Structure formats: structure tokens, C-alpha cells
Amino acid sequence: MTFAKRISVPVAANSARTAVAAVISYWVAGLFRLPEAYWATISTLVVMQSTLGAAWKISIERLAGTVLGAMMGALLAEYFPVNVPIFGLGVFALGIVCAALSLDNAYRLAGVTLAVIMLIGRTASVGTVAFHRFVEVAIGILVGLAITAVWPEAPTLEEAASEPQHE
């Protein structure tokens, strides 16, 4: 396949919508003066890789994972600051909780949120850091869902060719 065929109109359109969504989420998080607005952008980039129908369910679970990870991180970091073995136990516990709640897509983001809260040095209280992570991720997910709703992913040339033709 030639370079020109790999960089088709759908590829360019999807790259543009993802870039626009990433920038918007960073700006929105900045409006709230969140200290690490890049987490909103990271969340948006993850959401933008799905169609709206798929993104909705996964996004709800990822948001739940962020809540669980932030709560676990706030609790553990308050009593065990920068304690790697306790962090490992927290990751294990999150896996059990996510499975028990049937939140299959929540576990990864729960673990990431826990790691950010427990293992990265902070200048604010644990509760504040946990709350900021939740808000940043929520902004990223909401912006990603909104852009996906108003600017759906363009079908690839192969997908467009395989769709039935209406007469």
C-alpha cells in the first residue's frame, strides 16, 4: 500500500477530530485551573479511539475506575505515604472490587489513578490531588464523548466500500 493510500481522507479527518478534542479538553481543564490538565487530554485521547456507542459504556466504567482509584489512593496515601508494597495491595484490591462490581473496563484507570496519587510527589493534600484527578479525567471523558457525538469517526475506505449501497 502506498503512502498516499495509507494517509486517506478518513485518516486525516479522524486525526483532526482527535487533535481538536485533545486541545479542547486541555483548555477546559485549564479554565478550572486544574494543576495537571494533561490528564484531561490523556482521557480524551483514550475516548476518541471508539465510536460513540462503544465509548459511552467504556467511558462510564473508566470514570467509575477513576473514582475507585482516587478513593483508594486518598485512603491509602493518607496513612501510608509513598509505600510501594501498600500500593501493590491497593492495585490488587482494586482488581477484586472492579471484578465484583462487573466493571471490566474500570480496573486499568483505577490502577493508574491509584499510582498517580500514591507514587507521585504532590504539593497539595491527598484529598485535593484525588479530587483533581477525578475532575481532570471526567473533563477528558466528557469532551471526548461530546466531540464523538457531534463529529463521528469517518469510515475508512474499506469500511465505506463494504457498506450496502442504497438504491
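The values are calculated or read from the model by the stated rules, or taken from the named source; none is laboratory data. Quantities reported herein were computed from a predicted structural model and do not represent experimental measurements. Cβ sites come from the backbone with ideal geometry, for glycine too, and all protein chains shown count toward neighbours.
Observations on the model:
- Residue match in region 71-82 (condition: assigned to a helix (DSSP H, G or I), of a type in the set (Phe, Trp, Tyr) and buried (at least 21 other Cβ atoms within 10 Å of the Cβ)): no
- Qualifying positions in region 45-62 - crowded, with 20+ Cβ neighbours inside 10 Å and either assigned to a helix (DSSP H, G or I) or of a type in the set (Val, Ile, Thr) (or both): Val47, Ala55, Ser59, Glu61, Arg62
- Cβ-Cβ contacts under 6 Å between residues 6 or more apart (or on different chains), taken from a first residue in region 9-34 that is within 15 Å of Leu142 (Cα to Cα) and modelled with pLDDT of 95 or more to a second residue that is among the charged types (D, E, K, R) and surrounded by 19 or more Cβ atoms within 10 Å (Cβ to Cβ), are listed as Ala29/Glu136.
- Members of region 119-166 found to be acidic (Asp, Glu), over 15 Å from the mean Cα position of the chain (by Cα) and either modelled with pLDDT of 90 or more or part of a loop (DSSP other than H, G, I, E, B) (or both), listed by number: Glu153, Glu163
- Region 17-44: number of residues that are assigned to a helix (DSSP H, G or I) and either among the hydroxyl-bearing types (Ser, Thr, Tyr) or within 21 Å of Ala130 (Cα to Cα) (or both): 15
- Per the listing Val116, Val97, Val91, Val150, the residue uniquely under 26 Å from Ala21 (Cβ atoms) and either hydroxyl-bearing (Ser, Thr, Tyr) or crowded, with 16+ Cβ neighbours inside 10 Å (or both) is Val116.
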